[in-house]
1. Excluding B:LEU193 itself, what net charge comes from residues whose Cβ is under 14 Å from its Cβ, given Lys and Arg +1 and Asp and Glu -1?
2. When the convex hull of the Cα atoms of chain A is projected onto a plane and the area is averaged over all directions, what value comes out in nm²?
3. Please turn the phi angles of the range A:90-99 into ³J(HN,Hα) values with the Karplus equation 6.51 cos²θ - 1.76 cosθ + 1.60 (θ = phi - 60°), one per residue in order, whole Hz, x for glycine and proline.
4. For the range A:1-111, max minus min Cα coordinate along each principal axis, in Å, sorted largest first?
5. How long are the three semi-axes of the equivalent ellipsoid for the protein assembly as shown, computed from the Cα gyration tensor as the root of 5 times each eigenvalue, in whole Å, largest first?
6. List the residues, sorted by chain then number, that are 5 or more residues from B:VAL262 or on another chain and whose placed amide H is less than 5 Å from its amide H.
7. Apply 1/(1 + (r/R0)^6) to the Cβ-Cβ distance of B:GLN15 and B:ARG270, taking R0 = 60 Å, and write down the FRET efficiency to the nearest 0.05.
8. Given labels modelled 7 Å from the Cα in the Cβ direction, how far is it in nm from A:ASN173 to B:ARG231?
Amino acid sequence: MTATFIALLHRDLRVARRELQYFLLRVGLQPLLFTFIFGFVMPRLGIIQQGYTAMLLPGILGLSMTLSSMQAVALPLVIDFGWTKEIEDRLLAPISISGVALEKILVGILQAIIAGLVVLPLAWLLMGVHLSLGFIEIVQLLLVAILSSWLFAAFGMVVATAVEPQQIGLVFNVLLAPMIFFGCAYYPWATLRVIPWFQYAVLLNPLVYANEGFRLALTPAMPHMSTWLVYIALSGFSLFFTWLGLKKFQKRALD
Amino acid sequence: METAIAVEDLKKTYQPKTRKGVEVRALEGISFQVSRGEFFGLLGPNGAGKTTTIGILTTRVMPTGGQARIEGIDVAHNPVAVKRLIGVVPQVNNLDRSLTAREILQFHAEYFGVPKHQREQNARQLVERFELADRIDEKVTGYSGGMVQRLKIARALMHDPAILFLDEPTTGLDPQSRRSMWDLLSELNVKGLTILLTTHNMEEADQLCRRIAIIDHGKLLALDSPAQLKRSVPGGYLIELQIRGEVKESFVGALRSLSGVVDVKPDHDRVRIYADRAEGLLANAMRLLSNDGVMVTDAHVAEPSLENLFLHLTGRSLKG
């Protein structure tokens with residue numbers, strides 16, 4: 001069972017390594033452009049304040065990591081299930097169906113971590129944000145990174161098992177666009193208190209907790225959501241989407 | 001003989017996927033057993049329940065009734081243990097398109113915990129036997145139908161399974177590739193591998209299988225060796241006549257009285273005559289009909305075959 005799990009992981013990492021250049025382009029390009037405009041160009045034009053970049057950095061890292069893990073799980077899986085049926089070959093390996101599903105979630109988490117390792121130094125250097133990362137902050141950063149990647153890998157599995165390949169583009173537009181804009185990536189949640197109904201409504205969005213988590217780990221001096229709420233929500237959403245994702249995966253895998 | 005596969009009153013009903021859909025009763029209680037080392041065939045037209053049966057036996061489909069055991073292990077209760085024992089060649093091309101052919105073989109064995117040196121050795125032998133060496137380090141997107149099929153079988157054998165399942169392995173292959181596929185499968189069986197295949201090709205079932213189960217509409221209609229099955233068709237020979245107009249009851253009686261005729265089945269403008277010999281009978285039948293002023297527009301004589309048996313059992317041609 002463990003050997004099979006590792007072999008499945010080995011296969012996925014081999015494929016990921018082969019496609020590394022596309023992966024780097026996918027994860028790196030958008031944050032690069034974003035940090036260039038918002039962190040370099042606009043402050044110099046005097047349109048936004050210099051301090052805004054510090055507010056932006058955690059959000060950019062959060063978006064890159066969560067979207068990476070979600071895509072890493074959802075895109076291949078939706079094609080596998082709906083089209084090529086390649087997943088059948090993995091389902092015939094001597095491991096439970098949940099084992100196959102959990103391996104996919106783990107791959108999503110690993111890809112997100114790699115995306116984080118690329119984006120964090122990139123954004124940090126370009127924006128010139130002053131970060132003082134002590135031991136506590138690094139532990140927080142690791143915890144938030146792992147929990148957020150896990151949450152969105154599991155969410156990717158729910159999406160992939162719920163939609164047909166033809167709809168995946170639509171899902172990414174219709175579901176992800178509001179999640180990103182209402183996800184507290186470009187503004188801290190605490191500042192939303194001037195629009196109370198909005199501040200409470202966005203709590204339904206799991207992306208809020210990921211971005212706020214990165215905020216409290218990277219820029220603890222800035223306004224951020226309370227630590228316990230971030231961890232409880234990230235863990236709760238992760239467990240819920242994992243449970244739902246495994247259930248739906250099982251249903252799709254078995255006739 | 002020890003039993004490799006035991007199927008008992010197996011049932012599968014697919015629930016409708018939409019509210020307006022209807023439930024599909026794919027299997028309505030079929031039972032059979034396959035001995036170790038046997039070459040067993042499931043013969044039936046498309047939609048008969050063959051793929052569902054193979055799906056249940058290979059842990060991919062949950063039965064809604066009855067039981068299926070592989071080497072004594074219940075497939076629904078312990079699918080992981082069953083997966084270790086079986087190799088599966090599905091009907092669709094589900095080869096891993098992100099990998100090269102060599103990687104497909106090696107990773108498959110790795111999933112099954114085959115040690116590295118053994119994986120490499122197995123892959124070498126199978127690549128050679130299955131004539132895949134030329135393009136083994138390419139991805140499989142450009143492979144021909146025959147190569148895809150051979151690679152799928154090679155992959156299924158990489159972990160040295162006790163039982164090999166093949167779902168319509170020669171569908172879509174040209175006659176030459178089909179022949180070489182038959183040779184290959186016979187060779188594997190001679191070496192001791194238990195094989196269960198599904199097919200709607202009678203010649204294939206006849207050539208390869210020691211025993212054949214004929215299924216249609218989710219029910220098992222007959223189960224025996226090809227020779228016995230053919231013998232079980234009344235008379236064995238089949239003469240089919242097509243006439244202008246409806247077949248009258250009086251013709252049927254007259255045809256029945258001809259010597260050698262075992263059974264006569266009218267069907268609108270056709271009449272099927274089952275007989276224990278063909279010599280002279282066609283001429284006699286034609287004479288009888290033309291004396292009555294009936295015009296025969298087509299006549300066909302068939303030797304004893306599984307096709308005749310299927311026609312006899314279901315009233316339909318297997319070729320659909």
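1. On the way: positive: B:ARG36, B:ARG129, B:LYS191, B:ARG210; negative: B:GLU38, B:GLU71, B:ASP160, B:GLU187.
Spelling it out: positives minus negatives among the neighbours equals 0.
2. So the Cα hull casts an average projection of 14.3 nm².
3. Ordered by residue, 3J(HN,Hα) equals 6, 6, 8, 5, x, 8, 5, 4, 4, x Hz.
4. 60, 24, 23 Å, listed from the longest principal axis down.
5. Numbers: eigenvalues 806, 131, 82 Å².
In descending order, the three semi-axes are 63, 26, 20 Å.
6. So B:VAL262 has HN proximity to B:TYR274, B:ALA275, B:ASP276.
7. Working: r = 39 Å, r/R0 = 0.65.
Calculated value: 0.95.
8. About 6.8 nm, to one decimal.
The values are calculated or read from the model by the stated rules, or taken from the named source; none is laboratory data. Keep in mind that what you see is a predicted model, and the values were worked out from it rather than measured. As a convention, Cβ positions derive from the backbone with ideal geometry for all residues, glycine included, and neighbour counts pool all protein chains shown. Remember, those area values only see protein heavy atoms, side chains included, never the ligands or the DNA or RNA. Shrake-Rupley method; radii C 1.70, N 1.55, O 1.52, S 1.80 Å.
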